Amino acid sequence: MPQSSVRRAAGAFALLVAAGALSSLPLASAYADPAPTNVTVNTRAGLATVADTALGVNHAIWDSELGTTAVSDLLGAAGVGMVRYPGGSYADIYHWQTHTAPGGYVAPNTDFDTFMAGARRTGAQPMIIANYGTGTAQEAADWVRYANITKGYHANYWTIGNENYGNGHYGTAWEADDHADKSPKQYAEEVVAYSKAMKAVDPNIKVGAVLTTPANWPDALVGAGDAGSWNQVVLSIAGPSIDFVDLHWYPGGNGEADALTKPGQIDDIMYMVRDQLARYAGANPGRIGISLTETNVGVGPNTQPGALFLAQTYSGMLENGVFTVDWWDVHNGIGTVSTVAGQTDYGDFGMLSSGNCTADNTVCEPAKNTPFAPYHALKLMHSFAHPGDQLIRAGTDNPLVAAHAARRANGDLTVLLVNMDPANSHAVKIAYDGYTPSSAAPTVESLLNGAGGIASAQSGTAAAQTLAPYSLTVLTLHPATSQANAPKAPGRPSASAITDRTATLTWPASQAGVKYEVYRQVGARSEQLGETTSTTFTAGNLTPGTRYTVNIVARDGSGRASWSSPPLTFATGAPATSTCGIRFADTNDWGNGYVGNIDITNTGTAAISNWTLTFTWPTGWQSLSSGWNGTWTQTGATVRVTPADFNRDLAPGASTSVGFVGAYNGPNIPPAAFTLNGNVCSVG
């Protein structure tokens, strides 16, 4: 069951949020570095390109500051490129034509046009939520007509509903839903109808469907009468009719340190989302974008943990190609007041102060629209990642220090450094792969714990900096030599003929007269798989059941290297034939654990006796709880099972079944490779 938290808004209103109560690995306790933290920035390991909608926020109909000049200018100064409306669960009770939300509060002297005026002043695109819970496809189509035909707003992004899996179908209800059938099938069929009606008015709009976020309730649960989980059913039916999917992520945490480990799950979350799109969404799943339109930290939301979480989450999601990350929200209202790292935290999920007080008037927030720490972090993100920048892989050898990096068209490089240690400064040594910075002192922008804004100076070097406790730092570097004549970057590669050991990679050409270097990302480093003068390369000696992320770099005859291509992530499978066969199934999942069943078959010609079956968990979030029909052990990430007396011998063609209870506190990616007595088995 999920935990529920209350989003407190200014005034007499509240919204209920379902946030998965999944624990995570504890962050190492604060300590003083005996040696500098090593940071690696790798321009060969290209990630996604930053969209002009990347930095987003939510703005709600119950906010009396909706569309005001003061707020719009603050959002514009932070580089906000997308503003979501009409605000969370209110979207499923809001009727735009009458500007009413029966059962909720609507701020006076505001309406959709007020919101759009503010979005335009901000310089942001709108993300509009069509009312699924108590609305109709016709109402949504009329909204598109008013927005884009009557008013010419060019509102391109429309989501059907908010958190519609929270309508009670899985036992917990906070989202309004008047449909008699509250299943994912009904939602998906309505998404198809909404999309058809809305695109009949304006075929250029993009329509999104609501998904659950992997490892967050109710992901992986299968409701009574359903053919699969929410995501599986929605994508199988609505996939061909949508242009993007919409996620929310409130990972929570057992204290500030634990909350700040949660962004470490993002790569695995996004891998699972894209795997679900590939499996269920129909033809050309790569055309379907991904948005994260609500997120916030579970503790310290308007002090430095909120700022650190925002920087980590925005960076991680944008690195994975999410086209917008939208903070919850602009204003929200005072909650439970506490002291976090020496600063007063008002328990306010807003980015700007609402200026209100506790019920007993003993504690009041700062003046209305005073920025909280996450606002300053968003503004720093605007310095770090501009639209059109290519994010690149960076990493550290210290769990309390994180790094991200971006490359600009003019050759500049920005590095974001996050010190999650609340008590100690950390010296960092920065190494650059595939890039040589100039010797000039870099521009250094920093957000310190308790600061009222961003400090800027030229200090330290490109290779060495000292990070204050609980701080965000952005370095802006210039290249040592001009890169004006470097080859253009190759296009995104694709993979075909993927087996357990090989994969054929193909990519759009860079330009004539270059050779191509093929790299695999290994943490923040790159491992060269080979080079070729053609636009096809067959990678060999791969490991079965393993995820690979690869990039292509073009190099001309003068040795100048291009930017990295966009990344490709693929996974090898199991061999097509083997002397053993495996069938693996998740037979019952409850959100942080499941029952796994493994059928083992001797597909060879010789009897097998005293067998040992081995597999490795794909992530650090998974573990073995118990097992049966054999003796189960786990060492590190490796799980082994040996037989019981009754299933010790497997004649040719014979099978046996073993089972286990698995636990997970992050994305639950199923194992893909199994070995029996050292032989890699086929998986069917």
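The values are calculated or read from the model by the stated rules, or taken from the named source; none is laboratory data. Given the structure is predicted, the values throughout are model-derived calculations rather than measurements. Quick reminder, even Gly has a Cβ in these numbers, built from the backbone with ideal geometry, and neighbours come from all protein chains shown.
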Query raised in the report: Hey, any hits in region 373-387 for a residue that's in the same structural domain as Glu319 (by TED's automatic domain parsing), surrounded by fewer than 21 Cβ atoms within 10 Å (Cβ to Cβ), touching a residue at least 12 places away in the same chain (Cβ under 8 Å) and in a loop (DSSP other than H, G, I, E, B)?
Result: yes
Requested in this report: State all residues of region 553-586 that are loosely packed, with under 15 Cβ neighbours inside 10 Å and assigned to a loop (DSSP other than H, G, I, E, B); if no residue qualifies, say none.
Outcome: Gly557, Ser558, Gly559, Ala576, Thr577
**Report entry** Failed item, numbered, when Glu139 is tested on (1) at negative phi; (2) surrounded by fewer than 22 Cβ atoms within 10 Å (Cβ to Cβ); (3) not in a helix (DSSP H, G or I)
**Finding:** (3)
Requested in this report: Confirm whether Asp326 is crowded, with 24+ Cβ neighbours inside 10 Å and over 23 Å from Gly450 (Cα atoms).
Outcome: yes
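Considering only region 608-654, give the strands (runs of 3 or more DSSP E) lying wholly within it that have at least 1 residues that are touching a helix residue (DSSP H, G or I) at 6+ places or on another chain (Cβ under 9 Å) and farther than 18 Å from Val680 by Cβ.
Working: elements: 613-616, 622-628, 630-635, 638-643.
Per the criteria, 630-635.
So which residues in region 112-144 are among the hydroxyl-bearing types (Ser, Thr, Tyr) and free of Cβ contacts under 8 Å to residues at least 40 places away in the same chain, if there are any at all? Even if it seems obvious, please write down each step before you answer.
Initial filter on region 112-144 (among the hydroxyl-bearing types (Ser, Thr, Tyr)): 114, 122, 132, 134, 136.
Once the filter is applied, which keeps residues that are among the hydroxyl-bearing types (Ser, Thr, Tyr) and free of Cβ contacts under 8 Å to residues at least 40 places away in the same chain, region 112-144 yields only Thr136.
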Query raised in the report: Assuming Asn597 fulfils every condition listed in (1) over 20 Å from Leu221 (Cα atoms); (2) surrounded by 14 or more Cβ atoms within 10 Å (Cβ to Cβ) apart from one, which condition is it?
Result: (1)
Report task. Please enumerate the residues belonging to region 73-90 that are within 19 Å of Pro387 (Cβ to Cβ) and assigned to a helix (DSSP H, G or I). Result -> Leu75, Gly76, Ala77
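Specify the residue that is farthest from Gly523 (Cα to Cα); the eligible residues are those in region 381-421 that are of a type outside the set (Val, Ile, Thr) and in contact with a helix residue (DSSP H, G or I) (Cβ under 7 Å, 6 or more places away or on another chain). Show your work before the answer.
First, pick out the residues of region 381-421 that are of a type outside the set (Val, Ile, Thr): 381-391, 393-395, 397-400, 402-413, 416-417, 419-421.
From what's left, in contact with a helix residue (DSSP H, G or I) (Cβ under 7 Å, 6 or more places away or on another chain): 381, 385, 391, 402, 404, 406, 416, 420.
Working: Met381: 23, Ala385: 21, Leu391: 15, Ala402: 13, His404: 12, Ala406: 16, Leu416: 17, Met420: 20 Å.
Only one residue fits best here, namely Met381.
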Report task. Give the residues of region 559-595 that are without any contact (Cβ under 8 Å) to a residue 12 or more places away in the chain and either small (Gly, Ala, Ser) or in contact with an Asp or Glu (Cβ under 7 Å, 6 or more places away or on another chain) (or both), sorted by residue number. Result -> Gly559
Query raised in the report: Residue check: is Ser494 farther than 30 Å from Arg648 by Cβ and among the polar types (S, T, N, Q)?
Result: yes
**Report entry** Residue within region 651-674 that is buried (at least 16 other Cβ atoms within 10 Å of the Cβ) and in contact with a Cys (Cβ under 6 Å, 6 or more places away or on another chain) present
**Finding:** yes
Query - Gly620 being among the small types (Gly, Ala, Ser) and over 17 Å from Gly678 (Cα atoms) - result: yes
Requested in this report: Please work out which residue is surrounded by the most Cβ atoms within 10 Å (Cβ to Cβ), limiting yourself to region 212-226 and to residues that are at positive phi and out of contact with any strand residue (DSSP E or B) (no Cβ under 6 Å at 6 or more places or on another chain).
Outcome: Ala215
Report task. Determine, yes or no, whether Val297 is over 30 Å from Phe570 (Cβ atoms), assigned to a loop (DSSP other than H, G, I, E, B) and in contact with a Phe, Trp or Tyr (Cβ under 8 Å, 6 or more places away or on another chain). Result -> yes
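Could you pull out every one of the strands (runs of 3 or more DSSP E) wholly within region 309-368 that has 1 or more residues that are at pLDDT 95 or above and closer than 25 Å to Thr293 by Cβ? Lay out the reasoning, then the answer.
Values: elements: 324-327, 338-340, 343-345.
Because the criterion is at least 1 residues that are at pLDDT 95 or above and closer than 25 Å to Thr293 by Cβ, the strands (runs of 3 or more DSSP E) in region 309-368 that meet it are 324-327, 343-345.
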Query raised in the report: What number of residues within region 99-123 are assigned to a helix (DSSP H, G or I) and out of contact with any strand residue (DSSP E or B) (no Cβ under 8 Å at 6 or more places or on another chain)?
Result: 5
Query - Criterion violated by Pro305 - all others in (1) in a loop (DSSP other than H, G, I, E, B); (2) in contact with an Asp or Glu (Cβ under 6 Å, 6 or more places away or on another chain) satisfied - result: (1)
Report task. Check Ala173, Ala147 and return the single one that is surrounded by 18 or more Cβ atoms within 10 Å (Cβ to Cβ) and either without any contact (Cβ under 8 Å) to a residue 12 or more places away in the chain or in contact with a strand residue (DSSP E or B) (Cβ under 9 Å, 6 or more places away or on another chain) (or both). Result -> Ala147
Query - Options Thr546, Thr535: the member that is of a type in the set (Val, Ile, Thr), over 15 Å from Pro490 (Cβ atoms) and touching a residue at least 40 places away in the same chain (Cβ under 8 Å) - result: Thr546
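Could you pull out every one of the strands (runs of 3 or more DSSP E) wholly within region 156-266 that has 1 or more residues that are at pLDDT 95 or above and small (Gly, Ala, Ser)?
On the way: elements: 157-160, 206-210, 244-249.
The strands (runs of 3 or more DSSP E) meeting that bar are 206-210.
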